[in-house]
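Read the figures in this text as sums done on the coordinates, not as results from a lab. Note that the structure is a prediction, hence the values are computed from the model and not measured. A quick note on method: Cβ atoms are made from the backbone with ideal geometry, for glycine too, and the neighbour counts reach across all protein chains shown.
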């Protein structure tokens, strides 16, 4: 298996023992992104700002891998309050176009750094 580690300064640096993404063949596995601003590594304030930051961070990592959000085939979203699910749908539509990726949304008790939302995904590059 030949794997390539994807890293970009345009997205938050890993805060643990993981890579921003790993490419194997035409498939790219994106690690979870929370609403960290890559410039100062601070969490942006509020659920809407965090959702935008998460999708923006995923987009930058996808581009560093040679693709984009249009290449996303699977997206996992983790929320500390499932009441924010409608906001995720609304904001997600600003970053993704049909056909949308497969997706799961999971309610969790807590996320790193007190984040309100996290997302990870899988790309398949053309």
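Odds and ends about this structure:
- The chain: antiparallel DSSP beta bridges as a percent of all, rounded to 5: 80
- By the count of other C-beta atoms within 10 Å, a proxy for reagent exposure, 74, 3 are ordered fewest to most as 3, 74.
- Taking other C-beta atoms within 10 angstrom as a stand-in for reagent exposure, 96, 85, 55 fall in the order 85, 96, 55, fewest first.
- Estimated distance in nm for a label pair at residue 24 and residue 97, the labels positioned 7 Å out from Cα along Cα-to-Cβ: 3.1
- When each of the peptides 8-15, 102-109, 61-68 is scored by the mean number of other C-beta atoms lying within 10 Å of its residues, the order from highest to lowest reads 61-68, 8-15, 102-109.
- Between residue 81 and residue 109, the simple spin-label model (points 7 angstrom out along Cα→Cβ) gives 1.9 nm.
- Extension gain for residue 37-residue 124 works out to 28.7 nm (0.36 nm per residue, less the C-alpha to C-alpha distance).
- Here is how the number arises for the chain: DSSP H runs of 4 or more residues each give -39500 (n - 2.57), the sum is divided by the residue count, and the result at 222 nm is -6500 deg cm²/dmol.
- When you count the other C-beta atoms within 10 angstrom of each residue and take the mean per peptide, 48-54, 87-93 line up highest first as 48-54, 87-93.
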